[in-house]
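Undergrad: Let me begin by handing over the structure; questions about it come next.
The values are calculated or read from the model by the stated rules, or taken from the named source; none is laboratory data. What you are looking at is a predicted structure, and each value in this text was computed from that prediction instead of being measured. Here the Cβ is made from the backbone with ideal geometry for all residues, glycine too, and neighbour counts use every protein chain on show.
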Amino acid sequence: MPLDSHPEFGNNAQLGASFGLIADGRFADQDLGWISTLSMPLSLEHFSAVVENALGRKPLVFGDTGRELRRVAWCTGGAQGYFEQAIAAGADVYVSGEVSEQTMHIAAESGVAYIAAGHHATERFGVQALGAHLSEEFDIEHVFIDIDNPV
């Protein structure tokens, strides 16, 4: 959990940065969820392309692709359980790693989009950022070995 929530090297900080987002709020247990206001509205279709480009894989998208987004919430890994808290925080779309059947129904009933981007895919940026920081700080070599996981 600490690597998920670290404000600079954490998975959520790094995932948001990979999407070009700067968080202006936090939500959910231990403030693990992050939320950002977009500088200009984007369609869900456009934003899901941003996610795909950042992660190198096509995410599962639930919602009206033409929907205009102003607030994006995210939490890496298996955080689909925070979807309702993201909605309460004012999100127009929520990005996480995993999806369950109830998540799909919450998206349909609430009108808030959900992007399932992959557990592994959303959690690999934090450890890379931490490795780079430690390498620079202590003059040590680090290597990130990315073993693809389709889930």
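Undergrad: If you go through segment 95-120 one residue at a time, how many are within 19 Å of P7 (Cα to Cα) and touching a residue at least 40 places away in the same chain (Cβ under 8 Å)?
TA: Number satisfying all stated conditions: 1.
Undergrad: Separate question: Considering only residues that are free of Cβ contacts under 8 Å to residues at least 24 places away in the same chain and in contact with a helix residue (DSSP H, G or I) (Cβ under 7 Å, 6 or more places away or on another chain), look in segment 129-151 and name the one that is surrounded by the fewest Cβ atoms within 10 Å (Cβ to Cβ).
TA: Within segment 129-151, the match that is surrounded by the fewest Cβ atoms within 10 Å (Cβ to Cβ) is E141.
Undergrad: In segment 30-47, which residues are out of contact with any Ser or Thr (no Cβ under 7 Å at 6 or more places or on another chain) and surrounded by 20 or more Cβ atoms within 10 Å (Cβ to Cβ)?
TA: G33, W34, I35, F47
Undergrad: If you don't mind, another one. Please specify each residue of segment 78-91 satisfying the condition of being modelled with pLDDT of 95 or more and surrounded by fewer than 24 Cβ atoms within 10 Å (Cβ to Cβ).
TA: Q80, G81, Y82, E84, Q85, I87, A88, A89, G90
Undergrad: Can you name every residue in segment 7-31 that is in a loop (DSSP other than H, G, I, E, B) and either in contact (Cβ under 8 Å) with a residue 40 or more places away in the chain or not aliphatic (A, V, I, L, M) (or both)? So that I can check it myself, show each step before the final result.
TA: To start, the set of residues in segment 7-31 that are in a loop (DSSP other than H, G, I, E, B) comprises 7-10, 19-24, 28.
Residues satisfying the conditions are P7, E8, F9, G10, F19, G20, L21, D24, A28.
Undergrad: List the number of the failed condition for E84; all other conditions in (1) under 13 Å from the mean Cα position of the chain (by Cα); (2) part of a helix (DSSP H, G or I); (3) over 18 Å from P150 (Cβ atoms) hold.
TA: (1)
Undergrad: Scan segment 107-128 for residues that are buried (at least 20 other Cβ atoms within 10 Å of the Cβ) and either in a helix (DSSP H, G or I) or among the aromatic types (F, W, Y) (or both) and report the count.
TA: Final tally of qualifying residues: 6.
Undergrad: While we're on this one: What residue, among those in segment 1-38 that are among the polar types (S, T, N, Q) and within 10 Å of C75 (Cβ to Cβ), is farthest from the chain's Cα centre (by Cα)? Give the derivation first.
TA: Taking segment 1-38 and keeping what is among the polar types (S, T, N, Q), we get 5, 11-12, 14, 18, 30, 36-37.
Now drop any that are not within 10 Å of C75 (Cβ to Cβ), which leaves 5, 11-12.
Numbers: S5: 12, N11: 8, N12: 6 Å.
Of everything passing the filter in segment 1-38, S5 is farthest from the chain's Cα centre (by Cα).
Undergrad: So which residues in segment 32-80 are in a helix (DSSP H, G or I) and touching a strand residue (DSSP E or B) at 6+ places or on another chain (Cβ under 9 Å), if there are any at all?
TA: Within segment 32-80, the first condition is being in a helix (DSSP H, G or I), and the residues that meet it are 44-55, 80.
Correct list: L44, E45, H46, F47, S48, V50, V51, Q80.
Undergrad: Just give me the residues in segment 92-106 being buried (at least 22 other Cβ atoms within 10 Å of the Cβ) and farther than 25 Å from G126 by Cα, in sequence order.
TA: none
Undergrad: With surrounded by fewer than 15 Cβ atoms within 10 Å (Cβ to Cβ) and basic (K, R) as the only criterion, which of R67, R26, R71, R57 stands out? Break it down stepwise before answering.
TA: Working: R67 fails: surrounded by fewer than 15 Cβ atoms within 10 Å (Cβ to Cβ); R26 fails: surrounded by fewer than 15 Cβ atoms within 10 Å (Cβ to Cβ); R71 fails: surrounded by fewer than 15 Cβ atoms within 10 Å (Cβ to Cβ).
None of the other options fit; the residue is R57.
Undergrad: Further, regarding this structure: Is at least one residue of segment 58-66 closer than 26 Å to A129 by Cα and in contact with a helix residue (DSSP H, G or I) (Cβ under 6 Å, 6 or more places away or on another chain)?
TA: Yes - at least one qualifying residue is present in segment 58-66.
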